[in-house]
Structure formats: structure tokens, C-alpha cells
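Trainee: Quick one: structure below, then a few questions.
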Amino acid sequence: MESARVVRLGEVVPITYGGGEETRFLLRAEDTGGSLSCYEVKMPAGEGSVWHVHHGTDESFYVLDGEFEVKVGDEIHKAPAGTMVFGPRGVPHSFYNVSDRVSTMVCTMTPGGIELFFEELSEVLTRPERPGWEEIKAVGERHHISADRPQGGPHGGPPVTAAS
């Protein structure tokens, strides 16, 4: 790579998954010699990722707007705007928008290449017939990501019940 890569957010076509979430890849592995991928995530209120593990990549989450909870291992970290959370490879994690509106974060994966997973996942989730969990899980496994079947509630775990 011998020159700068300039990306304007408005020129990046978002990847969608059949709901309100959008992912825009600002830097792809091919732009960085494979060293990283950088992407913006817009997540609707009350939504988030499943509990999952990246076996060969580290992931960082920088919250730009709104508020997330980011669970890494057994710890849940409150992440309002201006917060960075690091999730090391091999450690289960998830994120959840606890705000009452769309929240936005920028994520970085090292090394790069996660965009190939998101593009394949989008193809599966946006087709007319709804895929089963095993098909969704297989997409992750092809990209060295393990995930547990969603159980409901934040972070893909059991539903959270209010203490009386």
C-alpha cells in the first residue's frame, strides 16, 4: 500500500440484515494490506449481537452516539458515547444498544477480513426464506466465529427479569 485511502461515510453502501441494523465498511482488509477492517455499526434501540467468539481476530468498539453495553467474558461494560471497549480474540462477547434510539459505534477488527463474514451473513438473512439457526451458525464457522443460539434478552442470554 503506497497511498492514502480516503473514505467518505456517505459514499459507503451499508450492509443490512433484514432489520434496522446497518454496517458500513470504511476500511476493508484489501485497503490495509490485511492488517485491519474498520466499520460503522448503527444499531436500533433494544437490539444487539448474539454471544459469540472470534477465534482469530481482536475487536474494538468505540461508541460515537447513544449507549451500548458491551459484554466481554463475564463482565458487562457500560459504554456511552466516547467509550472504547476492547474484546480480545478467543474471548466471548456481545453488545446491546441500551439507549432509547439508534446508537452508533465504530469497530476495528485486527487482522482484517470480517467484511466477508458480514456480506455472507447479509445474503443469508435478507433472502425471502428465513434461515434456520444452523445455517446462520455455519456462516460464522466458515469465518472462524462461534456463536450460541440466541436465548432472548440482552447479549443473547436468558431474558433478564426485574428484581421485585
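Trainee: Residues of the stretch 103-127 with the amide nitrogen closer than 14 Å to a label point 7 Å from the Cα of residue 86, along Cα-to-Cβ, please.
Mentor: Counting only backbone N, you get 108-111.
Trainee: What residues qualify as long-range amide H neighbours of residue 67, i.e. H under 5 Å apart, gap of 5 or more or another chain, H built at 1.01 Å from N?
Mentor: So residue 67 has HN proximity to 98, 99.
Trainee: Report, by chain and number, residues whose modeled amide H sits under 5 Å from the one on residue 36, excluding near sequence neighbours (fewer than 5 apart, same chain).
Mentor: 112
Trainee: Largest first and to the nearest Å, give the Cα extent of the chain along each principal axis.
Mentor: Its Cα atoms span 61, 37, 30 Å along the three principal axes.
Trainee: Nearest 10 degrees, 0 to 90: what angle lies between the long axis of helix 133-142 and the longest principal axis of the chain (Cα atoms)?
Mentor: Here the helix axis deviates by roughly 40 degrees.
Trainee: Spelling out what I want: for every residue of the stretch 3-17, take phi, set θ = phi - 60°, compute 6.51 cos²θ - 1.76 cosθ + 1.60 (Karplus), and round to whole Hz; glycine and proline get x.
Mentor: For the stretch 3-17, the Karplus-derived couplings read 9, 5, 10, 10, 10, 10, 3, x, 9, 9, 6, x, 8, 10, 10 Hz, x marking Gly and Pro.
Trainee: Modelling each spin label as a point 7 Å along the Cα-to-Cβ direction, I'd like the residue 135/residue 6 distance in nm, to one decimal.
Mentor: Label-label distance for residue 135 and residue 6, simple model: 4.3 nm.
Trainee: Same structure again: What accessible area per residue, rounded to a whole number of Å², is obtained for the chain using a probe radius of 1.4 Å?
Mentor: Spelled out: the 1.4 Å probe surface of the chain, per residue, equals 54 Å².
Trainee: Using a 7 Å offset from the Cα along the Cα-to-Cβ direction at both residue 142 and residue 102, what is the distance between the two label points in nm, to one decimal?
Mentor: 2.8
Trainee: May I pose another question? Hey, what do the phi angles of the stretch 31-46 turn into as Karplus ³J(HN,Hα) couplings, whole Hz, using 6.51/-1.76/1.60 and θ = phi - 60°, x for Gly and Pro?
Mentor: The phi angles translate into 7, 10, x, x, 6, 6, 10, 10, 8, 9, 10, 10, 10, x, 4, x Hz.
Trainee: Sum -39500 (n - 2.57) across every DSSP H segment of at least 4 residues in the chain, then divide by the residue count to get the 222 nm mean residue ellipticity, nearest 500.
Mentor: -4000 deg cm²/dmol
Trainee: Counting trypsin sites (Lys or Arg not before Pro) as exposed when in a DSSP loop with at most 11 other beta carbons within 10 Å, what is the longest stretch of the chain free of them?
Mentor: Counting only loop sites that pass the neighbour cut-off, the longest clear stretch is 9-100.
Trainee: Further question on the same structure: Which part of the stretch 82-102 falls in the paramagnetic zone of residue 151, meaning amide N under 19 Å from the point 7 Å along Cα-to-beta-carbon?
Mentor: Residues 91-97 fall inside that zone.
Trainee: What part of the accessible area of the stretch 1-111, given as a whole %, is carbon or sulfur when the probe is 1.4 angstrom?
Mentor: Roughly 52 percent, rounded to a whole number.
Trainee: Which FRET efficiency, nearest 0.05, do residue 77 and residue 127 yield, Cβ-Cβ r, R0 45 Å?
Mentor: 0.85
The values are calculated or read from the model by the stated rules, or taken from the named source; none is laboratory data. Please read these numbers as outputs of a predicted model, since none were measured by experiment. As a convention, Cβ positions derive from the backbone with ideal geometry for all residues, glycine included, and neighbour counts pool all protein chains shown. The protein model used for the area step is the full one, side chains on, heavy atoms only, and it has no ligands, DNA or RNA in it. Shrake-Rupley method; radii C 1.70, N 1.55, O 1.52, S 1.80 Å.
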